[in-house]
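S.K.: Pasting a structure below so you can have a look.
Each value in this text was obtained by applying a stated rule to the coordinates, not by laboratory testing. Everything numeric in this text was worked out from a predicted model, so none of it was measured. Please note: Cβ atoms are built from the backbone with ideal geometry, for glycine as well, and neighbour counts cover all protein chains shown.
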Protein chains: 2
Amino acid sequence: MKQDKHIIDQMGCECLLSRTRILNRVLTGIYDDELRPFRLKATQLNLLVVVARIGPIRRIDIGKRLHLDPSTLTRNLRVMLTNGWIEEVADGEDGRGLPLQATVQGHDLVNQVGPAWRKAQDRVQKLVGKDGATLLRKLAANMIELPSG
Amino acid sequence: MKQDKHIIDQMGCECLLSRTRILNRVLTGIYDDELRPFRLKATQLNLLVVVARIGPIRRIDIGKRLHLDPSTLTRNLRVMLTNGWIEEVADGEDGRGLPLQATVQGHDLVNQVGPAWRKAQDRVQKLVGKDGATLLRKLAANMIELPSG
DNA sequence: GGCATAATATTGCATATGCAAGTAGATACT
DNA sequence: AGTATCTACTTGCATATGCAATATTATGCC
């Protein structure tokens, strides 16, 4: 029973996942808050920026950059295709799905939300501090398996 | 056009949310991986640990500790109630929903998964390093609005 | 007591996320 | 060419997440 208490208290007090998820929820809320006027979710902006900067890019390579499951991408990108922010490129190189690029509207949207993103980014910078920001970037860089492209 | 490139590259290279979400996905995957044999998701374990340690506790206070929306808690806890890991406590003090506590099975489950959680925790510790772990804990602590209980 | 306001929980809606299984196209090996 | 394997994507299923609106109860004020 003493041992039981020990392990459960460890889970409660030390668990790094619990902490990371809290951080994730708070930060997501801040960005979503600033982006709301544009009817754009933070996750969608992240995807749009990757497609706009790197595209044309295949789903699989987006997944490697953002550590996202292909099935998640199929569905999240479908919304963005429907909204006309991105489009498939007919290159005919590989029959297993076409690469994606940002449409003109997509590029416009990115530029329009720029200041809102900046505001959220500044709020978060202030919240996590200089060390926090540096470390978050370093950690994420370690996680990503960058494709050649 | 130069300016456009500037802001979109900032979003791609600096965005702290993108980094945090990647980190969140990688870490969640590691814990889920270790917990899979127990048919328990990492998010559920986080909730179960809070209820088992702090309970009886109301949904609203769980939400303050984990920065979770009440509606999210209603649904996530419903699964755990159905699974018999937690139960409502009839205290009659407040008609707006009953506090929750862990059942005997819930406590047993927590103890059973202890070693698996430890394994995931160690893997993540190694991944983020000592500084990473320290900072993640510090950041999360700043986010949480601890209720009196 | 009676009403206005606040607090707690739930439901409807939309998106986010990943696993397992399945489909279809590409590659390699013979 | 033919088959085995691999790769990219999709679908079914289950859970995770939050906002807006709603229901119900508490609380404060008169």
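S.K.: For peptide A:26-35, compute the average count of partner chain beta-carbon atoms within 10 Å of each residue's beta-carbon.
M.R.: The mean count of partner-chain Cβ atoms within 10 Å per residue comes to 3.
S.K.: Tell me the distances, shortest first, between B:Ile60 and the same position across the other copies, using label points 7 Å along Cα→Cβ, in nm to one decimal.
M.R.: For B:Ile60, the other copies' label points sit at 5.2 nm, shortest first.
S.K.: Expressed as a rounded percentage, what relative contact order does chain A have, with Cα pairs under 8 Å and six or more residues apart?
M.R.: Once normalised by length, the contact order is 26 percent.
S.K.: For B:Leu81, go 7 angstrom from Cα along the Cα-to-Cβ vector, then report the distances to that same point in the other copies in nm, smallest first.
M.R.: 4.0
S.K.: What shape does the protein assembly as shown have by the C-alpha gyration tensor, where a ≥ b ≥ c are the square roots of the eigenvalues, rounded means a/c under 1.5, and otherwise prolate means a/b greater than b/c and oblate the rest?
M.R.: Judged from the Cα gyration tensor, the protein assembly as shown comes out prolate (a/c at least 1.5, a/b above b/c).
S.K.: In debye, nearest 20, what is the charge dipole magnitude of segment B:2-143 about its Cα centre with +1 on Lys and Arg Cβ and -1 on Asp and Glu Cβ, if you could check?
M.R.: 500
S.K.: Here is a further query. Calculate one ³J(HN,Hα) per residue across segment B:109-118 by plugging θ = phi - 60° into the Karplus curve 6.51 cos²θ - 1.76 cosθ + 1.60, and present them in order as whole Hz with x for glycine and proline.
M.R.: So the J values, rounded to whole Hz, are 4, 4, 5, 5, 7, x, x, 5, 4, 4.
S.K.: What residue of chain A sits with its beta carbon nearest the rotation axis taking A to B, and at what distance in whole Å?
M.R.: Looking at chain A's Cβ atoms against the axis toward B, the nearest is A:Asn24, 2.
S.K.: Which one of A:Gln44, A:Pro56, A:Met11 is farthest out on the positive end of the charge dipole of chain A, using unit charges on Cβ (Lys, Arg +1; Asp, Glu -1) and the Cα centre as origin?
M.R.: A:Met11
S.K.: If the label for B:Gln125 sits 7 angstrom from Cα along the Cα-to-Cβ line, what are its distances to the same label in every other copy, in nm to one decimal, shortest first?
M.R.: The answer, with the shortest distance listed first, is 3.5 nm.
S.K.: Counting each DSSP H run of 4 or more residues in the protein assembly as shown as -39500 (n - 2.57), what helix-only mean residue ellipticity at 222 nm follows after dividing by all residues, to the nearest 500 deg cm²/dmol?
M.R.: -24500 deg cm²/dmol
S.K.: Based on the mean of other Cβ atoms within 10 Å per residue, sort peptides A:55-61, B:44-50 so the most packed one is first.
M.R.: B:44-50, A:55-61
S.K.: What is the packing order of peptides A:13-26, A:70-83, B:73-86, taking the mean over residues of other C-beta atoms within 10 Å and listing the highest first?
M.R.: Output ranking for A:13-26, A:70-83, B:73-86: A:13-26, B:73-86, A:70-83.
S.K.: Given the pairs A:Lys126/B:Lys41; A:Lys126/B:Lys119; A:Lys119/B:Lys41; A:Lys119/B:Lys138; A:Lys41/B:Lys126; A:Lys130/B:Lys41, which span a C-alpha to C-alpha distance of over 29 angstrom in this model?
M.R.: A:Lys126/B:Lys41; A:Lys126/B:Lys119; A:Lys119/B:Lys41; A:Lys41/B:Lys126; A:Lys130/B:Lys41
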